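The structure appears below as structure tokens.
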Amino acid sequence: MPQHNKIQLINCRYEDHGDTVFEIFNDAILNTTALYEYEPRSKATIERWFSDKADNNFPVIGAINETGSLMGFASYGRFRPFPAFNTTIEHSIYIHQDFRGLGIGKLLLTSLIERAIEQDYHCMIGAIDADNTHSIKLHQQLGFEQTGRLPEVGFKFERWLDLVLYQKILNH
């Protein structure tokens, strides 16, 4: 995996990174609209999430610093559970609150794209809260195009949320 300054990309494992992934997911749930969930995830849920990723050969790529701290992670999974969608994946990227704004998201998304191409996927989808301008800009920089907008499909923090879909065709 590539190294950027003192950031190294690795394959995450529950045994090594589960606690930090748990912390990052739950911060996103409780404090952001990156996840349209209300309740924090349990450690058992995170362990199952890692197991499901491994069982389906979906990567969990992490960015660690020189001290070995997990600064963020990214993964993908099935877009929809029907055979016609087997070559389309939906991805997600989460950065620890202490490490946002350092370019880690770009490193992780670039690595996910490379991995998806290696695994012969055709299309990547990102479902992003419409107010998440940082994520939208990142996706646009890496060649994703907005292909859909779903107004008021979520409700969190006492307001309606719009979801935008960004798509990248991988093997053109």
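At-a-glance table
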{"read-out": "So Tyr38, is it touching a residue at least 40 places away in the same chain (Cβ under 8 Å), out of contact with any Pro (no Cβ under 9 Å at 6 or more places or on another chain) and either of a type in the set (A, V, I, L, M, F, W, C) or surrounded by 18 or more Cβ atoms within 10 Å (Cβ to Cβ) (or both)", "value": "no"}
{"read-out": "Residue check for Asp162: surrounded by 17 or more Cβ atoms within 10 Å (Cβ to Cβ) and at pLDDT 95 or above", "value": "no"}
{"read-out": "Count - residues of the range 131-160 that are touching a residue at least 40 places away in the same chain (Cβ under 8 Å) and of a type in the set (Ser, Thr, Tyr)", "value": "1"}
{"read-out": "Residue match in the range 47-66 (condition: hydroxyl-bearing (Ser, Thr, Tyr) and touching an Asp or Glu at 6+ places or on another chain (Cβ under 9 Å))", "value": "no"}
{"read-out": "Selection within the range 66-104 - within 18 Å of Asn11 (Cβ to Cβ) and not aliphatic (A, V, I, L, M)", "value": "Gly68, Ser69, Gly72, Phe73, Ser75, Tyr76, Gly77, His91, Ser92, Tyr94, His96"}
{"read-out": "Looking only at the range 72-131, and only at residues there that are within 11 Å of the chain's Cα centre (by Cα) and among the polar types (S, T, N, Q), the one that is farthest from Asp19 (Cα to Cα)", "value": "Ser92"}
{"read-out": "Residues located in the range 93-130, provided they are without any contact (Cβ under 8 Å) to a residue 40 or more places away in the chain and closer than 23 Å to Leu163 by Cα", "value": "Arg100, Gly101, Gly105, Lys106, Leu109, Thr110, Ala127, Ile128, Ala130"}
{"read-out": "Subset tally (residues that are crowded, with 20+ Cβ neighbours inside 10 Å and either assigned to a helix (DSSP H, G or I) or β-branched (Val, Ile, Thr) (or both)) for the range 89-110", "value": "8"}
{"read-out": "Scope the range 6-20; condition without any contact (Cβ under 8 Å) to a residue 60 or more places away in the chain and either under 14 Å from the mean Cα position of the chain (by Cα) or not in a helix (DSSP H, G or I) (or both); matching residues", "value": "Gln8, Ile10, Asn11, Arg13"}
{"read-out": "The listed residue being surrounded by fewer than 18 Cβ atoms within 10 Å (Cβ to Cβ) and at pLDDT below 95, out of Glu66, Glu145, Glu114", "value": "Glu66"}
{"read-out": "Leading residue by the ranking (surrounded by the most Cβ atoms within 10 Å (Cβ to Cβ)) among those in the range 1-16 that are over 20 Å from Thr110 (Cβ atoms) and of a type outside the set (Ser, Thr, Tyr)", "value": "Asp16"}
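The values are calculated or read from the model by the stated rules, or taken from the named source; none is laboratory data. Everything numeric in this text was worked out from a predicted model, so none of it was measured. Here the Cβ is made from the backbone with ideal geometry for all residues, glycine too, and neighbour counts use every protein chain on show.
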